[in-house]
Amino acid sequence: MEIPQALTDFSYVMVFLVVAALFALGPLVIAYFIAPRSFGAARDEIYECGMPILGSAWIQVAVVYYLFALLFLAFDVDVLFLFPVLLAYGKGYAWRDFIEVTIFIAILSLVIVYAWNRGVFIWKRKPERL
């Protein structure tokens, strides 16, 4: 009886997944067995770079920081979309590709101008209370 080709191909994928799982779980299992354990009151204390704790860890972060992070992510992803175009650039349709990339970058520039006019890049600091 002959083994079907699809089953043979799937067995390679299965071996790859098992090896990948071993590479992912191996360091965790090894660390569990060789890591030192500590018990007592010192374990429950907060440790922050060896400095004494001042105040609570809860702080309010301004919305501007989140807007700035979202803008960064949006532009980062948009730049990733430019790489395939640049790799295929000049392979037959050079002018069309150039115009498409120019329009794409122009739209991104308009987004930066809009965010700048809305004041996203201006961070107003509150006076610190001690």
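Values quoted throughout were computed directly from the atomic coordinates according to the rules given, and no laboratory measurement underlies them. The shown structure was predicted, so the numbers you read here are calculated from the model rather than taken from an experiment. As a convention, Cβ positions derive from the backbone with ideal geometry for all residues, glycine included, and neighbour counts pool all protein chains shown.
The table for this structure:
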| read-out | value |
| --- | --- |
| Rg and Dmax of the chain, Cα atoms only, in Å | 26.9, 80 |
| Arg96, Arg37 arranged by Cβ crowding within 10 Å, fewest neighbours leading | Arg37, Arg96 |
| Label-point gap, in nm, between Ala94 and Val79 - each point 7 angstrom along Cα→Cβ | 2.7 nm |
